[in-house]
1. Quick one: dipole size for the range 212-349, taken about the Cα centre, charges +1 on Lys/Arg Cβ and -1 on Asp/Glu Cβ, in debye to the nearest 20.
2. Among R269, R287, which comes first, second and so on when ranked by fewest other beta-carbon atoms within 10 Å?
3. Quick one: net charge around D261, please, counting Lys, Arg +1 and Asp, Glu -1 for every other residue with C-beta under 11 Å from its C-beta.
4. Projected onto the charge dipole of the chain (+1 at Lys/Arg Cβ, -1 at Asp/Glu Cβ, origin at the Cα centre), which of C169, A472, G227 gives the Cα projection farthest towards the positive end?
5. Around D40, under 14 Å between beta carbons, what's the net of Lys plus Arg minus Asp minus Glu among the other residues?
6. Given charges of +1 on the Cβ of Lys and Arg and -1 on the Cβ of Asp and Glu, with all other atoms neutral, how large is the dipole of the range 255-442 about its Cα centre, in debye to the nearest 20?
7. Based on the alpha-carbon gyration tensor of the range 116-162, what equivalent-ellipsoid semi-axes (square roots of 5 times the eigenvalues) come out, in whole Å, largest first?
8. With a Förster radius of 45 Å, plug the Cβ-Cβ distance of E82 and D119 into 1/(1 + (r/R0)^6) and report the FRET value to the nearest 0.05.
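Bear in mind that the values in this text are calculations on the coordinates, not laboratory data. The structure presented is a predicted model; accordingly, all values stated were derived computationally and were not measured. When we count neighbours, we look across all protein chains shown, and the Cβ atoms used for this are built from the backbone with ideal geometry, even at glycine.
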Amino acid sequence: MIEKREFYINGQWVAPATPRDHDVIDPSTEEVCAIISLGDQADTDAAVAAAKAAFPAWAATPPASRRAYVEKILEQYEARKEEMAQAISLEMGAPIDMSRDSQAPCLPWHLENFLTAFDQIEWIRPLGPHAPNDRISMEPIGVVGLITPWNWPMNQVTLKVIPALLAGCPCVLKPSEEAPLSSLLFAEFCHDAGLPAGVFNLVNGDGVGVGSQLSSHPDVEMISFTGSTRAGRAISKAAAETMKRVTLELGGKGANLVFADADAKAVKRGALHCFNNSGQSCNAPTRMLVERSYYDEAVEIAREVAEATKVGPASESGRHIGPVVNKRQWDQIQGYIQKGIDEGARLVAGGLGLPEGMNKGYYVRPTVFADVTPGMTIEKEEIFGPVLSIIPFDTEEQAVQIANDTIYGLTNYVQSSDGARRNRLARQLRSGMVEMNGQSRGAGSPFGGVKASGRAREGGVWGIEEFLEAKAISGWDPSAE
């Protein structure tokens, strides 16, 4: 049994002001794998006070020195990356091979990309040739509260903590109480990298407690949150009282537009992407819109992919998918599958209940619904599980209309060999990101959405500048630079 009750505040591991144990459940076995403590107002206040006290010196630290600290965090990861992979696999159920190959390596991938972007930032930049004595100074916003989810824990921690540190902002991290072990290990990386006291702080807690306390704290200048749209709305309301900057990376209901001229692997690629991480990705292509002439064939391919997708424990090696994170999530997904059946969608693979041969663990059968129509619950709401909805379309215009008819706008996908069509659709689809023909976005590309998916832009230069304020200065003396 792992016991990690302490928080990391002001450069030290400290006991909670009032002990409140919380069980961390291994979703593969439904058994308690760790015990942490949930913080409360006194813990939040102590962490914010430490960050506030650290702000003047950290903001004044030369950019090259901040960069050097971040490089040392990367060194700590490289020395302990197997520990990180094991922690993620245990806490949220990612199969160990996926945790080693995809989940844990989010840390070096994003960190190295941030270092590249950091070197491009002009901290004092000219306004323009029309105003030779004007400058724009990019300055850290102040103490930031960072609230991260359980589904890609190191992805989101790295996308928030690293740019905050590089920007000169001390931070208080509240990781998900469902998956805190990887973040506690990350705190060890920060400590062993020698970060000055108060620059990075971690307080475990739930959304109602520490999350709300950070969102409303008068000494927190900014909240960066990744999670559900419902929680994002609550955070925005709480933060409004103290005029915080709020950046939100929320849910999604990605549409994957598959045209008859798509490459042969387009449907398989889309279905596998939907099922990846047991469907627990906000950018998953969960709505597959297929051109009518290719529809029947696409449904058959998706069925074959679902039936070939193995489900198993996170501790086992292999290309299977693991459990979903907890019982509440499992119940919610089962409810959506039942809704799909009740509302008349055609179940072609998967369905209700545990996969064959399993009697415990939060495992979901990879599920495919065909003949889904716009307006069905499974077409409109984010399921956050391995459930694919397939919808036919007749024209390009109809496909765009269906794709855009959602409250969300995170990532959409296009599969077509027609370059002009791809370019046209990339402009017409209302989302923060569009990925086409299986090509991933490049290093340093911003991650974020529009509408109810939030409007954060995480990664690259955009991700660092979210933590900066632009100060306009006139009367600058260029001869004194």
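1. That gives a dipole near 300 debye.
2. R269, R287
3. Residues near D261 contribute -1 overall.
4. A472
5. Residues close to D40 contribute a combined charge of -2.
6. 660 debye
7. Rounded to whole Å, the semi-axes are 34, 12, 7.
8. Between E82 and D119 the formula returns 0.90.
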